[in-house]
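Inspection log for the structure reproduced underneath, given as C-alpha cells.
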Amino acid sequence: MPELPEVEILVRHLGPLVVGERIGKVSVHRPKSVRPISASRMCRAVEGAKIIGLRRRAKYLLFELQKNRGETYLMLGHLGMTGRMYVQPAREELPKHAAVSFKLGRKVFVFEDTRYFGRLTLDTASLDLLGPEPLSKDFNGEVLHAALKRCKQAIKPKLLDQSLLAGVGNIYASEALWWAQISPRKMSRRLTRSQCGVLAQSIVMVLSEAIERGSTVPLDFAGEKEGDGLFYYGSQDDEEDYEERLMVYDWEGEPCERCETPIRKIVQAARSTYFCPKCQRD
C-alpha cells in the first residue's frame, strides 16, 4: 500500500497537471469508489469546480476545489492498495478499471483502481482522526514519548496507528525501528525519552530519504512526452534498486548491514515485521 512518501511524490507530479483546471463532466464508473456519498451527489458537487490546490495529509490527497469564486471545499483521494491517478488525452479510451474520471478540457483526470479499495470522496471526517504529520514541526521525540507513555501495545504495530502518527506504514515503521535499534516487540510505554528522540529522528530520516529518492516502493511516472503523468508502483524494472534502498524490510534471512546477524520476520497485528534480533533486542 502506498505510504506517506509515495503519496507526497504523487502530489508533486500530479499537481502541475491538474491545478488551475476546471472540471467538466464527472463520470463515476464504480459508485463504491466515492463512498460514503452517492455518485450523483459527487457529480453535482464537483462538476464546474476549479481545482485551485493539491496537497497531502497522511496518505490522503487533498484536492482543493472552488465554484464561481465561492467558498473552497475539499475532495479527498486515497489510493488504497492498487489505486492510480493520472491525466490522459480525452480522445483515449478509459482503462478497464477506471473508477472515476473528470473531464479537464482536452484531457481527463482518471482515478483507476483494480481492487477498488481506494476512494475519492467529499467526506472529510477521517482527517479529524489523524495524528501529527511526522515531517512537520509538530512532531518530535517529546511528542512521541508523551503519546506512548501509557500505551501497552508493542511499538511496531503502534507506529501504524494513524491517530498516533499520520502516514507511517509497514515498510517505514520497520525501517525506522532498525535505524533506532529498537525491538519491534518492545512495549511502547517502556521506551525511554531518549529512545523516543532517536526513533522520531529515524522516522523523519527514512521518510525524507524516500521522498528524495523517489520512494522505496518502485514507482513509475510517464514523462511529459507521454503527457499523462502516469503513476503506479510495483515496476519490475526497479525491483533491484527498490530492495537496495531498504535495510530490513523483505530481507528475511539476509545478513544485517550493521552486525551481519540474519534478519528475522515475524507477524504483528497481521502485518509482517522485519528486524535484526541482535541489534534490536527486546
- Of all the residues that make up segment 104-137, how many are touching a Ser or Thr at 6+ places or on another chain (Cβ under 8 Å) and without any contact (Cβ under 8 Å) to a residue 40 or more places away in the chain? 7
- Which residues, taken from segment 61-96, are over 21 Å from G24 (Cβ atoms) and β-branched (V, I, T)? T82
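Yes/no matrix, rows are residues, columns are (1) touching a His at 6+ places or on another chain (Cβ under 7 Å); (2) surrounded by fewer than 17 Cβ atoms within 10 Å (Cβ to Cβ); (3) in a helix (DSSP H, G or I):
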| residue | (1), (2), (3) |
| --- | --- |
| L120 | no, no, no |
| D123 | no, yes, no |
| D128 | no, yes, yes |
| L135 | no, no, no |
| L144 | no, no, yes |
| A147 | no, no, yes |
| K152 | no, yes, no |
| A166 | no, no, no |
- Hey, Y116 hits all of (1) of a type in the set (F, W, Y); (2) modelled with pLDDT of 95 or more; (3) outside the structural domain of S208 (by TED's automatic domain parsing) but one; which does it fall short on? (2)
- Item | Filter result (surrounded by fewer than 16 Cβ atoms within 10 Å (Cβ to Cβ) and either outside the structural domain of L104 (by TED's automatic domain parsing) or under 19 Å from G15 (Cα atoms) (or both)) within segment 67-80 | T72, Y73
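The values are calculated or read from the model by the stated rules, or taken from the named source; none is laboratory data. These numbers were taken from a predicted model, which means no experiment stands behind them. Reconstructed Cβ throughout: ideal geometry from the backbone, glycine too, with neighbour counts over all protein chains shown.
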